[in-house]
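A.B. asks: Below you will find the structure I want to go over with you.
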Amino acid sequence: MQAIGQAYHWLEQLGDFDDSPSKLAKSLGISNGLIRKHLKLTQLSPRILHMALAGKLPPSITLADLRQTASLLDWQKQAVYLRLDQLPA
């Protein structure tokens, strides 16, 4: 997903802006809220990231679902939230 790639790109750029999402947003001419929402995606588990980037997530999972899931820092809870624990391994 493009949003995940964008999130990691912005995460790398934060060092150039004193780790301030608001300074980065201002320099890019976009909303601070958008950057903060996207940055949450960097907290997704490796399994979820791999599935998303490989196009293997169920089509019912939305970007909003991924953002909500990322707020759960326990990777097992992320899988349960997205019902990935019910998929064949």
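A.B. asks: Taking segment 4-49 as the region of interest, how many residues are in contact (Cβ under 8 Å) with a residue 24 or more places away in the chain and of a type in the set (S, T, Y)?
C.D. replies: Of the residues in that region, 3 qualify.
A.B. asks: Of the residues in segment 1-19, how many are more than 16 Å from L49 (Cβ to Cβ) and surrounded by 13 or more Cβ atoms within 10 Å (Cβ to Cβ)?
C.D. replies: Filtering segment 1-19 down to residues more than 16 Å from L49 (Cβ to Cβ) leaves 13-19.
With the extra rule that they be surrounded by 13 or more Cβ atoms within 10 Å (Cβ to Cβ), the set shrinks to 13-14, 17.
Looking only at that region, the number is 3.
A.B. asks: Moving on. What pairs can you find where one residue is in segment 60-89 and in contact (Cβ under 8 Å) with a residue 12 or more places away in the chain and surrounded by 14 or more Cβ atoms within 10 Å (Cβ to Cβ), the other is of a type in the set (V, I, T) and not in a helix (DSSP H, G or I), and their Cβ atoms are less than 8 Å apart, with a gap of 6+ or different chains?
C.D. replies: Qualifying pairs under 8 Å: L82/I61.
A.B. asks: Next up: Return the residues of segment 1-28 that are part of a loop (DSSP other than H, G, I, E, B) and under 17 Å from L66 (Cα atoms); say none if nothing qualifies.
C.D. replies: M1
A.B. asks: Filter segment 51-89 down to the residues that are more than 16 Å from the chain's Cα centre (by Cα) and at positive phi and list them by number.
C.D. replies: R83
A.B. asks: Hey, does segment 29-52 have a residue that's assigned to a loop (DSSP other than H, G, I, E, B) and buried (at least 18 other Cβ atoms within 10 Å of the Cβ)? Walk me through it before giving the result.
C.D. replies: First pass over segment 29-52, keeping only residues assigned to a loop (DSSP other than H, G, I, E, B): 29-31, 44-45.
In the following step, the residues that additionally are buried (at least 18 other Cβ atoms within 10 Å of the Cβ) were identified as 44-45.
Within segment 29-52 (the criterion being assigned to a loop (DSSP other than H, G, I, E, B) and buried (at least 18 other Cβ atoms within 10 Å of the Cβ)), the answer is yes, since at least one residue qualifies.
Only the coordinates and a few stated rules stand behind these numbers; no lab work does. Everything numeric here is computed off the predicted structure, so don't read it as measured data. Note: ideal-geometry Cβ built from the backbone for every residue, glycine included; neighbour counts use all protein chains shown.
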